[in-house]
Amino acid sequence: MSAAASPAHELVRAGDRKSAMHWARLVPYDTGRFPFARVIAEDVFGTGGLEDLHRLLGAARPGRPLTHGDNFEQRGRIAALGDDSRFYAVYHAFVLEVVAPLFAGRISYSRHPTFRVHFPGTGAVSDWHRDADVTGRWDQINVWVPFVDTAGTSTIWVESHYGRGDHAPVPVRYGQALLFDGGALSHGSVRNDTAVTRVSMDLRIAPMPSESPHPDLGILALRPPGLHAPGPPAATNGAGGGMMAAGADPARAPAMG
């Protein structure tokens, strides 16, 4: 796949065209060009595979079961990466070369993503929520990127349509990014009963106005009247910090909104 070309993408739930999650997108990317898992494994944990991170931690602390607190402790180690780290070089290139072309390059995005670590046998790392209830940003689209293959109880769970509360898992492989209306669709996680540690990041993007009839790829198209109420950005832009324009120099770009 050419880094300069917009990647092919697929609908998440084909069939139910009246369901908001039908219009969510799974976008593939080249893990050789954007080696998130290898960079995190080497630079943060000093290990070769993130899916077995629980074994590494368990060996260092025999007889002590992993807990919800361990998820947050290890997540904090990733979040401590500096803006000049290898990770952020890959991150900004990923947004610029994979995500932005889907929107004609006209987006703002999270300067820092939010990270999640979810060990086997531990409870949910995120309760059911809608991002816009916290951020006040109804114009944003969520981009959820796992660094391991996820399915079942290790992946993100999203309701099929606004207000239904019928949360179901969305399988996402390493090398795919899930784009969905996390601002208005309830989503979260459940107890991880798999044998895989899930390490992931999520960021938010805001498509800028354009002449396209669907500048949001249709991801926000089925919102009920009155639900989509974009306005001046709230003081809080959600976990992960401020927004910046695609293509801006991360070291110089002022925070937006």
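Out of all the residues in segment 197-206, is one or more charged (D, E, K, R), at pLDDT 85 or above and touching a Phe, Trp or Tyr at 6+ places or on another chain (Cβ under 6 Å)?
Looking through segment 197-206, at least one residue is charged (D, E, K, R), at pLDDT 85 or above and touching a Phe, Trp or Tyr at 6+ places or on another chain (Cβ under 6 Å).
In segment 114-130, the residue that is farthest from Gly152 (Cα to Cα) out of those that are of a type in the set (Val, Ile, Thr) and in contact with a strand residue (DSSP E or B) (Cβ under 9 Å, 6 or more places away or on another chain) is Thr114. Of the residues examined, Glu42 is not one that is modelled with pLDDT of 95 or more and over 25 Å from Ala151 (Cα atoms).
Could you check how many residues of segment 53-88 are assigned to a helix (DSSP H, G or I) and either of a type in the set (Ser, Thr, Tyr) or under 24 Å from the mean Cα position of the chain (by Cα) (or both)?
Adding up the residues that qualify gives 17.
Would you be able to tell me the number of residues in segment 133-153 that are among the hydrophobic types (A, V, I, L, M, F, W, C), assigned to a loop (DSSP other than H, G, I, E, B) and modelled with pLDDT of 95 or more? Show your work before the answer.
Looking only at segment 133-153, we keep the residues that are among the hydrophobic types (A, V, I, L, M, F, W, C), and these are 134, 138, 141, 143-145, 147-148, 151.
Going one step further and asking which of them are assigned to a loop (DSSP other than H, G, I, E, B), we end up with 138, 147-148, 151.
Going one step further and asking which of them are modelled with pLDDT of 95 or more, we end up with 147-148, 151.
Residues in segment 133-153 being among the hydrophobic types (A, V, I, L, M, F, W, C), assigned to a loop (DSSP other than H, G, I, E, B) and modelled with pLDDT of 95 or more: 3 in total.
Summed over segment 112-125, residues that are part of a loop (DSSP other than H, G, I, E, B) and either surrounded by 18 or more Cβ atoms within 10 Å (Cβ to Cβ) or at pLDDT below 95 (or both) total 6. Candidates in segment 154-186 are the residues that are part of a strand (DSSP E or B) and touching a residue at least 60 places away in the same chain (Cβ under 8 Å); of these, the one that is surrounded by the fewest Cβ atoms within 10 Å (Cβ to Cβ) is Gln176.
The values are calculated or read from the model by the stated rules, or taken from the named source; none is laboratory data. All figures in this text were calculated on a predicted structure; none of them were measured in a lab. All Cβ positions, glycine included, derive from the backbone under ideal geometry; neighbour counts span all protein chains shown.
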